[in-house]
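What follows is a short report on a single structure.
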Amino acid sequence: MLEALIAALAVIICAVVWCAASNTDKPETEPAPEPVYAHTVVLDPGHGGEYPGCVRDGTEEKSLTLEICNRIRERLDDSSVGVIMTREEDATVSLDERCETANASGAALFVSIHANSFTDESVSGLESYFCKGSESGRALSDTVLAHAERAGIAVRYSREGDYQVIRDTKIPAILIETGYMTNPAELERLRSEEYQSLLAEAIAGAIIEYLGSAE
């Protein structure tokens, strides 16, 4: 009887060991497939690294633009729009490099985000610029202004500009000045997470509308 019990225990132990060994041989879970996007856009947080842009009351333009772009990216990703960033951290990126990223991307459009400044502190409002002769750029720029206005964001105009990042890109491109850091009230808004989210919603919404109309 004892010998039979010992034999049975031996069989059980062997089975447990075999099962444990079998589990370790199983392949690891396959990684989730990369998301498939119908469209991709290039977001360009202005300035960065050794170029802080406008600096006002301890706030640097380069930090604001990166934060706003990150918020736009989140909203576009939720809508299955892929995003390529010209910078994802506080890094120095030349204007030529930004244009090269856009031109090599195969993306549908390029959006550069900035914050403005002026000697007259009373000036405020969002502005959007497109390259002269670019009807697609004009359409996107006008759409951004319309979405911003509907969101209750103060706007100034959508008009032609001669900035390198919209002049030297080969895809529809705009440059958005999200507001004036030299206007104390607008600077406070630009610093606010709530207002940054409002800007991101408006800009992302305009991009999505433009991509839909361009199909």
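The table below gives the values:
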| quantity | calculated |
| --- | --- |
| Residue match in the stretch 186-208 (condition: touching an Asp or Glu at 6+ places or on another chain (Cβ under 8 Å) and within 17 Å of V41 (Cβ to Cβ)) | yes |
| Check on P172, modelled with pLDDT of 95 or more, over 26 Å from E60 (Cα atoms) and either surrounded by 21 or more Cβ atoms within 10 Å (Cβ to Cβ) or in contact with an Asp or Glu (Cβ under 8 Å, 6 or more places away or on another chain) (or both) | yes |
| Positions within the stretch 86-124 being more than 16 Å from T40 (Cβ to Cβ), free of Cβ contacts under 8 Å to residues at least 24 places away in the same chain and small (G, A, S), in sequence order | S94 |
| The stretch 159-184, subset more than 20 Å from Y195 (Cβ to Cβ) and among the polar types (S, T, N, Q), residue farthest from the chain's Cα centre (by Cα) | Q164 |
| Residue within the stretch 117-138 that is assigned to a helix (DSSP H, G or I) and within 26 Å of G48 (Cβ to Cβ) present | yes |
| Sole residue being farther than 16 Å from G205 by Cα and in contact with a helix residue (DSSP H, G or I) (Cβ under 8 Å, 6 or more places away or on another chain), chosen from A139, A154 | A154 |
| Filter result for S192 (among the polar types (S, T, N, Q) and either crowded, with 20+ Cβ neighbours inside 10 Å or more than 21 Å from R56 (Cβ to Cβ) (or both)) | no |
| Inter-residue pairs, beta-carbon under 9 Å, first on the phi < 0 side of the Ramachandran plot and modelled with pLDDT of 70 or more and in the stretch 31-45, second among the basic types (K, R) and assigned to a loop (DSSP other than H, G, I, E, B), 6+ apart | D44/R87; P45/R87 |
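The values are calculated or read from the model by the stated rules, or taken from the named source; none is laboratory data. In this text the structure is predicted, and so the values were computed from the model without any measurement. Don't worry about glycine lacking a Cβ; one is built from the backbone with ideal geometry, like all the others, and counts go over all protein chains shown.
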